[in-house]
Amino acid sequence: MDIEAVDVGVLIDDREIVAGQSLTCRPNTMTALVGPSGCGKTTLLHCVGLLQRPTFGRVLVDGADTSSWSSRRVRQFWRDNAAFVIQDYGIVDDESVAYNVTMSATLFTNRLRADQSRLEAALDRTGLAGRGGDRASHLSGGEKQRLAIARAIYKDAAVVLVDEPTASLDSANRTLVVDLFADRAAAGCTVIIATHDEEMMAACDSLHTVSRQRSDTTAKVAR
């Protein structure tokens, strides 16, 4: 899916958080939102992911202006098309790895209602094969981040939004996570990542500098 921000600006308590941000994110690509801490990367990510309405400007999804979308329509977008991988993983520690990937269970019995082959494929792809029955609290930080990515793979999300995914990871897990997002883009996803990690930036197709001034997006030389 094409995700486009057009002159997006955000005011919070009369304070300008971002201003005049315009960028286009396309399938088969990774776009990095970059800039110093406090520049508004996460705010812009929330806007392009329809989690926050901009004060100014528009966000388009496949050319459709989302300004007038109802809350129900936004929820449908997230249910059918999008996944969010956040810095603190968004994992339910007391549930199983399999539950955290599929986010589905029958009432009362907690028995999974899931596509088992898709579940196993998502766990295998993220290096968590055979861990479906483990409690999520038993995973390391790097494994929890990969578990969050497995959820996006299981969902087959067309749009993957990511907030500082490598901030607390060691070098080995950082490389694994970067490669997993690159694979998502290669599979046709639109991947948008707020990051300050140089390894992640190097893997992206374009860098968008977020600021309270006019936006700047730089397409990178093909790798």
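Restricting to the range 6-22, what's the tally of residues that are part of a strand (DSSP E or B) and either free of Cβ contacts under 8 Å to residues at least 60 places away in the same chain or within 17 Å of residue 158 (Cα to Cα) (or both)? Here the count works out to 8. Among the residues of the range 137-160, those identified as closer than 17 Å to residue 99 by Cα, touching a residue at least 40 places away in the same chain (Cβ under 8 Å) and surrounded by 18 or more Cβ atoms within 10 Å (Cβ to Cβ) are 139, 144, 145, 147, 148, 149, 150, 151, 152, 154, 155.
Residues checked against (1) crowded, with 20+ Cβ neighbours inside 10 Å; (2) assigned to a loop (DSSP other than H, G, I, E, B); (3) of a type in the set (Asp, Glu); (4) modelled with pLDDT of 95 or more:
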site: 24; (1), (2), (3), (4): no, no, no, yes
site: 27; (1), (2), (3), (4): no, yes, no, yes
site: 31; (1), (2), (3), (4): yes, no, no, yes
site: 44; (1), (2), (3), (4): yes, no, no, yes
site: 47; (1), (2), (3), (4): yes, no, no, yes
site: 74; (1), (2), (3), (4): no, no, no, yes
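Looking across 80, 65, one residue alone is acidic (Asp, Glu), more than 30 Å from residue 132 (Cα to Cα), loosely packed, with under 13 Cβ neighbours inside 10 Å and without any contact (Cβ under 8 Å) to a residue 40 or more places away in the chain. It is 65.
If you check 40, 63, 57 for being out of contact with any strand residue (DSSP E or B) (no Cβ under 7 Å at 6 or more places or on another chain), on the phi > 0 side of the Ramachandran plot and among the small types (Gly, Ala, Ser), only one passes: 63.
Per the conditions (1) in contact with a helix residue (DSSP H, G or I) (Cβ under 6 Å, 6 or more places away or on another chain); (2) modelled with pLDDT under 90, the sole criterion not satisfied by residue 218 is (1). When the helices (runs of 4 or more DSSP H) confined to the range 85-197 are screened for residues that are touching a helix residue (DSSP H, G or I) at 6+ places or on another chain (Cβ under 9 Å), of a type outside the set (S, T, N, Q) and farther than 28 Å from residue 31 by Cβ, those reaching at least 1 such residues are found at 97-102, 116-125. Every condition in (1) charged (D, E, K, R); (2) surrounded by 12 or more Cβ atoms within 10 Å (Cβ to Cβ); (3) more than 16 Å from the chain's Cα centre (by Cα); (4) at pLDDT 95 or above holds for residue 115 except the one numbered (4).
The values are calculated or read from the model by the stated rules, or taken from the named source; none is laboratory data. Keep in mind that this is a model prediction, so the values were computed, not measured. So basically every Cβ, Gly included, is an ideal-geometry build from the backbone, and we count neighbours across all protein chains shown.
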